[in-house]
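All remarks here apply to the structure that follows.
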Amino acid sequence: MLLHYDYIIIGTGAGGGTIAKVLADTGKSILILERGGFLPQEKENWDSGAVFQEERYHTKEVWKDKEGNDLHPGTGYWIGGNTKVYGAALFRLRERDFGELQHCAGISPSWPLKYDDFEKYYDQAEKLFDVHGKTGEDPTEPFRSEPLPFEGVADEPRIADVRTALKNYGLKPFDIPLGIKLNERNRVESLCIKCDTCDGFPCLLHAKADADINCIRPIMHDSNITLMIDAMVEKLITNEAGDQIRGVETVINGEKITFTAETIIVSCGAINSAALFLKSANEKHPNGLANKSDQVGRNFMKHQSAAMLAISFTENPTKFQKTIALTDFYFGDEDFGFPMGSIQLMGKSNRYMLTDDAPIFTPVKILSEMAQHSVDWWFTGEDLPDQENRVMWKDGKIHLNYTINNEEGFDRLIKKFSKILTELEDDIKFLPENINISKKIPLAGVAHQCGTLRFGTDPETSVLDTNCKTHEIDNLYVVDGSFFPSSGAVNPSLTIIANAIRVGEHLKSLI
Ligand SMILES: Cc1cc2nc3c(=O)[nH]c(=O)nc-3n(C[C@H](O)[C@H](O)[C@H](O)COP(=O)(O)OP(=O)(O)OC[C@H]3O[C@@H](n4cnc5c(N)ncnc54)[C@H](O)[C@@H]3O)c2cc1C
Ligand code: SF4
C-alpha cells in the first residue's frame, strides 16, 4: 500500500466528492479516505419505515447537546456523504447574502468574497450536478451568465393547480432547481421515475445527482486515484514547527495507518471537520489545529427549518412533489423589514413520516388520510453566527452547543404563508391555519450544518483564508460547509459544491 500521495481528501460528500472530481484529471496521486462505505442499493432505500422510523441510513453515534443530553444526529456516513439522501434542491445564495445583512436579531456578516467571485463556479456546479430548473421567475434570483443545464421539472396536476393559485394570489412561485437525472421529453432516456421517495431517501435507481454518482464513481477507477472506504481519520499530525500536516492517522479495519501527502483537504462536514481539528490538538496547537483565533468549532449554524402539512378537502395524489419554491418574503414583507426566509415544497409526506409527531395512539387511518390530503412545505430561515453556538470535542465525543436565534422573521414567514394558503381560490383552499401542522426541526436535524471553520481575511476572526487554506498550517485546506461565514436561507449544497470547484481550480493553478 502506498503511504505517500500528492493529495489526501478526507470525506466524499458535497465538498470532498466535488474536489476529488476536479483534481482527478491532474494525474496527481490522490488518496480519498472515507469513513463510510457505498450505501447499499436495496429495497429499503425506498421504504419510509426503514428510512424515517428505523433511521437505517443514519449513524448510530451519540453526541451531546449543551445540557449534556444524548443527541442522535440525523446524519449519515457514506460515499457521497449526506448528498446520498438529500432533496437535491440546488440553490444559489442570493447576491445580498454575500454582504452584510441586517436581520431583526442582528447582523448576518459579510463574506470575504462576493457573489461575483462565485458566479462562474455556480455555473460549473450546476453542470456537474445536472441541475434542472427555469430561470427568470425567482424574484430574488441572482444574475447568471449561463442558463441552467436542464429544463425545470414539471408539476403534477394538484401542484400545478396550487402554483396557478399562488400566482393568482400575487406571489411568484418558481421551479426548485433540482439535481436529478430526468428527461421528461424522452422518458426512455430518463433514469429518474419521479417517485414519492426522494427527499430524505437514497435513490434506488442511482438517478439522483449526488456526490457518489456524479463525482466519485466516475473517477474511482482512474490510475491516480486510491479510494479507501471504512477509513476513519482520527487525527491530523503536524511537523514540529506546527506549520505542515505530516500525517493523517486513519483507522482501517481496526488497524491504525498513517498516510502522508503534500496537501491535505479536509471535508468531513462542518461538525466532523471541526471535531477533527479539535481532537488533533498538539503542543504547537494546544487548543486544536489552526485555532490561535479560538474560532475552530464556533459559529456553528444549521438553519431554522420547519415542515408544514397544509391540509385541504382535495386529495393530493402527487408522487414527486418537490417542484415549487417561493422567495417573495426572503428579504421581508410590507410589515417586517428584515429577512424572513424561503419556502419550498418538500417530498410527499406519508403516514410513516407523521407517526413521530402525532399524538400517541392516533389511528393509522387518520395519519394516512392526513397525508393523502396534505401539500407539504419546507421553510428555511437564516440562523445568525454566534460564538457560543459551537462544536466541542470532550470525553471522546462531539458536543454541540446550540441555541436557536433570529426566530421572529422565520415565525412570521410560517404564519404568513399558512394564512395565504387559507385565502387561495376556493377549489384550492386549505383548511384554517390551526389545522395545518407545522413542526420546527430540532437540533438533531443537522442536515444544513455549516460555519464552524469560517473563511476570512483576518486570522484573528477566521480559521481559513479566502482559498480555504488554514491561516496557520500551509498544506491544510477545508472544502465542506464549514467555511460559510453566514448561512443565508437557501439549501447549502450548491454553494459547497461551487466552492469546492473554486478551491480545486486554485490548487490546480499551483501545480
Ligand atoms: C435529509 C437531508 C436532505 C437534504 N436536502 C438538501 C437539499 O435538498 N439541498 C441541499 O442543498 N442540501 C440538502 N441537504 C444538506 C446536504 O446534504 C449537505 O449540505 C451536504 O451534503 C454537506 O456537504 P459536506 O461536504 O459539507 O458534508 P457531507 O456531505 O456530510 O460529507 C462529509 C463526508 O465526510 C465523511 N467523514 C466524516 N468524518 C470523517 C472522518 N473522520 N474520516 C473520514 N471521513 C469522514 C462522511 O462520511 C461524509 O462522506 C440535505 C441533508 C439531509 C440529511
Ligand atoms: S425521484 Fe428520481 S432521483 Fe429521486 S429517488 Fe425517485 S427516481 Fe431517484
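The values are calculated or read from the model by the stated rules, or taken from the named source; none is laboratory data. Remember, it's a predicted structure, so these values are computed and weren't measured experimentally. Cβ: placed from backbone, ideal geometry, glycine included. Neighbour counts: every protein chain shown. Accessible surface is based on the protein model in full, side chains and every heavy atom, while ligands, DNA and RNA are left aside. Shrake-Rupley method; radii C 1.70, N 1.55, O 1.52, S 1.80 Å.
Data for the structure
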read-out	value
Cα radius of gyration and Dmax for the range 171-268 (Å)	20.1, 60
Extended-chain gain in nm, criterion 0.36 nm per residue less alpha-carbon gap, residue 333 and residue 407	25.1 nm
Charged-residue dipole, Cβ positions (Lys, Arg, Asp, Glu), the range 4-509 about Cα centre, Debye nearest 20	660 debye
Relative packing of peptides 170-183, 328-341 - highest average C-beta neighbours within 10 Å first	170-183, 328-341
Computed over the range 374-489, the ratio Rg/Rh where both radii use C-alpha atoms and Rh is Kirkwood	1.13
Debye-sum result for the range 114-175 in log10 I(q)/I(0), which assumes one identical scatterer on each alpha carbon, at q = 0.22 Å⁻¹	-0.94
Expected 222 nm ellipticity per residue - DSSP helices of 4 or more, -39500 (n - 2.57), all of the chain, to 500	-5500 deg cm²/dmol
Calculated from backbone phi, Karplus (6.51, -1.76, 1.60) coupling profile of the range 95-109 in Hz, x at Gly/Pro	3, 5, 5, 7, x, 6, 10, 6, 9, 4, 9, x, 9, 8, x
Rounded to whole Hz, the Karplus (6.51, -1.76, 1.60) HN-Hα couplings of the range 26-38, x for glycine and proline	6, x, 5, 6, 10, 9, 10, 10, 10, 5, x, x, 6
Listed residues 354, 102, 327: farthest to the positive end of the dipole of the range 4-509 (Cβ charges)	354
Among the listed pairs 64/440; 66/208; 43/256, those beyond 27 Å (Cα-Cα)	66/208; 43/256
Highest to lowest packing among 35-41, 481-487, scored as the average C-beta count within 10 Å	481-487, 35-41
Cα centre as origin, Lys/Arg/Asp/Glu Cβ charges: the range 1-66 dipole, Debye	220 debye
Lys/Arg +1, Asp/Glu -1 at C-beta; the chain dipole; positive extreme among 337, 39, 169	39
Surface accessible to a 1.4 Å probe, per residue, for the residues of the chain, Å²	39 Å²
Beta bridges per DSSP with both ends in the chain, % antiparallel, nearest 5	70 percent
Debye-sum result for the range 4-509 in log10 I(q)/I(0), which assumes one identical scatterer on each alpha carbon, at q = 0.12, 0.13 Å⁻¹	-1.08, -1.28
Share of carbon and sulfur in the accessible heavy-atom surface of the range 4-509 [1.4 Å probe, %]	50 percent
Lysine pairs meeting the criterion (Cα under 12 Å, 8 or more apart or interchain), as found in the range 271-413	5
Selection from 191, 384, 266 lying farthest towards where the dipole of the chain points positive, charges on Cβ	191
Largest-first ordering by accessible area, 1.4 Å probe, given options 238, 258	258, 238
Residues of type aspartates and glutamates that residue 194 reaches as a straight line, Cα spacing below 14 Å, ignoring anything fewer than 8 places off in the same chain	155, 156, 184
Trypsin sites (Lys or Arg not before Pro) restricted to the range 420-511 and DSSP loop, no more than 13 other C-beta within 10 Å	none
Simple spin-label estimate for residue 107 and residue 508 in nanometres, 7 Å along Cα-Cβ	3.7 nm
